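K.L.:
Below: one structure in structure tokens.
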Amino acid sequence: MEIVTSRMEQGTAQGIQQRILQGLQQGMRQELEPLLDRLFLDARLQGFRQGMQQEGCSLVMRQLARKIGKIPDALLEAVRGLNLSMLEELGDALLDFNRREDLEAWLREHGDRRVEM
């Protein structure tokens, strides 16, 4: 009889432990899922922004090369440092450029606004 009682107590304790564990897992899942969804959304948005930045930079660099010819590495690095908004402004402005000095002047004038947004 003692053996049966002992096994029943063990079974009850195991059942309780299993229920507690299931409850904790479900609670953690409910708490973590919204956080993970937000993290994945943030990562996707950051990737999208980086892709837009890279494509914008690539387009402006090609346009500059066609418009004013070979561009020194220092100027290319300055253009790469522009945020997307500034790349768009440069893309509009370069339509009026005739020489490398026009790009240099534009970068000097707009250099303090290159901070990433």
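K.L.:
If Ser58 passes every condition in (1) in contact with a Lys or Arg (Cβ under 7 Å, 6 or more places away or on another chain); (2) of a type in the set (S, T, N, Q); (3) under 23 Å from Asn98 (Cα atoms) but one, which one does it miss?
P.N.:
So Ser58 meets the others, but not (1).
K.L.:
Next question, about the same structure. Give me the helices (runs of 4 or more DSSP H) completely within region 37-116, filtered to those with at least 2 residues that are basic (Lys, Arg), ordered by residue number.
P.N.:
Values: elements: 73-80, 84-93, 100-110.
In region 37-116, 100-110 are the helices (runs of 4 or more DSSP H) which contain 2 or more residues that are basic (Lys, Arg).
K.L.:
Residues that are closer than 16 Å to Arg108 by Cα and more than 20 Å from the chain's Cα centre (by Cα): does region 18-30 have at least one?
P.N.:
No.
K.L.:
While we're on this one: Taking only pairs six or more apart or across chains, which ones have beta-carbon atoms under 8 Å, a first residue in region 49-75 that is in contact (Cβ under 8 Å) with a residue 12 or more places away in the chain, and a second residue that is assigned to a helix (DSSP H, G or I) and loosely packed, with under 12 Cβ neighbours inside 10 Å?
P.N.:
Lys67/Leu95
K.L.:
For the list (1) modelled with pLDDT under 80; (2) outside any helix (DSSP H, G or I), I need the number of the one condition that Leu32 fails.
P.N.:
Condition (2) is where Leu32 drops out.
The values are calculated or read from the model by the stated rules, or taken from the named source; none is laboratory data. These numbers were taken from a predicted model, which means no experiment stands behind them. So basically every Cβ, Gly included, is an ideal-geometry build from the backbone, and we count neighbours across all protein chains shown.
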